[in-house]
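Engineer: Dropping the structure in here first, questions after.
The values are calculated or read from the model by the stated rules, or taken from the named source; none is laboratory data. Source: prediction; values computed, not measured. When we count neighbours, we look across all protein chains shown, and the Cβ atoms used for this are built from the backbone with ideal geometry, even at glycine. In case anyone asks, the SASA skips ligands and DNA or RNA and just uses the protein heavy atoms, side chains included. Shrake-Rupley method; radii C 1.70, N 1.55, O 1.52, S 1.80 Å.
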Amino acid sequence: MTEQQQQALCTLIREAGARAQALRDAGLKVEKKGRQDFVSQADVLVEQEIKSWLKVHCPQDGFLGEESGLVEGERGVWVLDPVDGTTNFILGMDYWCISLAYVRQSVIELGIIYAPDRDEFFFARHGAGAFLNNRPLKLHDPSPESVVIGLGRSSRAPVPLYARTIEDVLNDGMEYRRFGAGALMLAHVAAGQVHAYYEEHMNSWDALAGLLLITEAGGTSNAFLADGGLLKGNLVLAGCTSVQERLMVLLEA
């Protein structure tokens, strides 16, 4: 992708976010996919717009979207969640985002997360750093007694496991937050607002862009793409190096 195409893609994502806001403000049509799992017309519109643009400008690439599934390509694959945090979005909360990543030969090469209501535009390219609104991001390990992590709740994992994780984290002297949009929480790890993120299972469209942001900001991550993670999803554990390692030990105990 050329620099000009990259800039055009970022502009498109900003415009798609604005249209999602306008649809919400006008009154959304919402369908239920499962228990506490919704899709709005904004999800569908944003995915269609970005997918169509990529088909024209990156015709050799495949596409994997939360709403439309997989289209295989000859080169890499673009992975999109058009609205992560749909429940928050529907309820009028600001904690939701568009998440887009590009994967080629099992390497996350590009990650973009845009939170329109918060005016936060995250961008990372493999080997070139991570940025929030064009400001470089650099992670620093916190003092052990001041760690705050993000904990995601996966509907594909048993509730007792999540409850036990909360108990283990608190007993180890850490605090936790859960805001209902894993992609954006990963971005906020990269920005240093929380120190790590853990979720028993995430889909690739929720995880990949944020994981690149964290590693490009100087953090570490588990090997999400291993064992078919692109299509099947995987566990996510990423953050400041010392905190990620601490959590690995804690959660394996």
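Engineer: Quick one: which residues, 5+ away or cross-chain, put their amide H under 5 Å from the amide H of ILE149? H built at 1.01 Å from N.
Structural biologist: Excluding prolines and chain starts, which carry no amide H, the hits are GLU175, TYR176, ARG177, HIS195.
Engineer: For helix 3-26, report the angle its Cα long axis makes with the longest principal axis of the Cα atoms of the chain; keep it between 0 and 90° and round to the nearest 10°.
Structural biologist: The two axes meet at around 90 degrees.
Engineer: Quick one: in region 148-252, what % of C-alpha pairs are over 23 Å apart?
Structural biologist: Values: 871 of 5460 pairs.
Here the long-distance tail beyond 23 Å is 16 percent of all Cα pairs in region 148-252.
Engineer: Just to be sure I understand: with springs between alpha-carbon atoms less than 10 Å apart, which residue in GLY129, GLY73, GLY85 has the highest mean-square fluctuation in the Gaussian network model of the chain?
Structural biologist: Of the options given, GLY73 has the highest mean-square fluctuation.
Engineer: For a Förster distance of 30 Å, can you work out the FRET efficiency between the beta-carbons of GLU245 and GLU74, rounded to the nearest 0.05? Walk me through the numbers on the way to the answer.
Structural biologist: Working: r = 39 Å, r/R0 = 1.29.
Between GLU245 and GLU74 the formula returns 0.20.
Engineer: For region 197-253, what value does the Rg/Rh ratio take when both radii are computed over Cα atoms and Rh is the Kirkwood radius, given to two decimals? Kindly include the intermediate steps, with their values, before the conclusion.
Structural biologist: Details: Rg = 10.8 Å, Rh = 11.3 Å.
Here Rg/Rh amounts to 0.96.
Engineer: Find the eigenvalues of the gyration tensor of the Cα atoms of region 85-164, then list the square roots of 5 times those eigenvalues as equivalent ellipsoid semi-axes, largest first, in whole angstrom.
Structural biologist: Numbers: eigenvalues 120, 77, 59 Å².
Computed over region 85-164, the values are 25, 20, 17 Å.
Engineer: Next question, about the same structure. Given a 10 angstrom Cα cut-off, can you work out which residue in GLN21, GLN60, GLN105 is the most mobile in a GNM of the chain?
Structural biologist: Among GLN21, GLN60, GLN105, the largest mean-square fluctuation in the Gaussian network model of the chain belongs to GLN105.
Engineer: Scan the chain and report its longest stretch carrying no trypsin sites (Lys or Arg not before Pro) that are both in a DSSP loop and have at most 11 other Cβ atoms within 10 Å. Walk me through the numbers on the way to the answer.
Structural biologist: Numbers: sites that count: LYS29, ARG35, ARG156.
The reported range is 36-155.
Engineer: Taking the Cα atoms only, what angle lies between the long axis of helix 241-252 and the longest principal axis of the chain, rounded to 10 degrees?
Structural biologist: Orientation of helix 241-252: about 70 degrees from the principal axis.
Engineer: Given R₀ = 35 Å, what would the calculated FRET efficiency be for GLN193 paired with LYS29, taking r from the Cβ atoms and rounding to 0.05? Walk me through the intermediate numbers first.
Structural biologist: Values: r = 33 Å, r/R0 = 0.94.
Computed FRET efficiency for GLN193 and LYS29: 0.60.
Engineer: Could you sort ASP43, ASP94 by accessible area so the largest value comes first, with the probe set to 1.4 Å? Intermediate values should be presented prior to the final figure.
Structural biologist: Working: ASP43 0, ASP94 70 Å².
The ordering from most to least exposed comes out as ASP94, ASP43.
Engineer: Using only the Cα atoms, work out Rg/Rh for the chain, with Rh taken as the Kirkwood radius, to two decimals. Walk me through the intermediate numbers first.
Structural biologist: Details: Rg = 17.3 Å, Rh = 18.2 Å.
On the Cα set of the chain, Rg over Rh gives 0.95.
Engineer: What number results when the radius of gyration of region 3-136, computed over Cα atoms, is divided by 2.2 N^0.38 Å? Show your work: numbers first, answer last.
Structural biologist: Numbers: Rg = 14.7 Å, N = 134, 2.2 N^0.38 = 14.1 Å.
Cα Rg divided by the expected 2.2 N^0.38 Å: 1.04.
Engineer: Same structure, new question: Against the longest principal axis of the chain, how steep is helix 204-216, in degrees 0 to 90 to the nearest 10, with axes from Cα atoms?
Structural biologist: 70 degrees
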